[in-house]
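Beneath this line is the structure, given in structure tokens, with notes to follow.
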Amino acid sequence: MVRAGAPSVAAEYSLENSWSSLAAGVTQQTMVLLVKRPLLLASAPYAALHAAVAVPLGLALPADRWWTWCLGLAAADLGYYWLHRSCHECGALWAGHGVHHSSDQYNLTTALRQSWVQSLAAPLFFLPLAVCFPPPVYLA
């Protein structure tokens, strides 16, 4: 039931705001597809660190065990938490992440406002996972 005087859900969406969010999301995904993936900015350093540290020291978890994937999911979530928190604390990361918080309207399209700067910085926060988790777990 909608109360009298309450704003409608439709009032929280505007074409301009949604278009801006979509453009930011497309820009971020384009950067990932054209720069990050072809240059192996995330996978190559991770695989190299895993091979140089985890395998020789016997710290590598088996990629064929279900519990490795569960632990990997939890560890990746923790890595994302620190990435997101750092984006709020560090000025250089906030310069890119602030785009995500720049909408006057908080709605579903706001989630599309992702920064290409954050997508380039993200691998640094997941690199510690290479000490234990094999590359297939990280890349999934």
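Data overview
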read-out	value
Shape parameters for region 73-140, alpha-carbon atoms, Rg then Dmax in Å	13.4, 42
Nearest-ten-degree value, helix 116-126 long axis tilted from longest Cα axis of the chain	40
Degrees, to the nearest 10: 15-31 long Cα axis against longest axis of the chain	20
Summed side-chain charge close to VAL137 - residues other than VAL137 whose Cβ falls under 14 Å, Lys, Arg +1, Asp, Glu -1	-1
Convex hull of region 12-112 built on C-alpha atoms - directionally averaged projected area, nm²	8.9
Degrees between helix 66-89 axis and first principal axis of the chain (Cα, 0 to 90, nearest 10)	50
Amide N of region 98-129 lying under 12 Å from the label point, which is placed 7 angstrom from the Cα of TYR13 along Cα→Cβ	107-110
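All of the numbers you see were taken from the coordinates with simple rules; none came from a lab. Here the structure is a predicted model, which means the values were calculated and not measured. Glycine also receives a Cβ, built like all others from the backbone with ideal geometry; neighbour counts cover every protein chain displayed.
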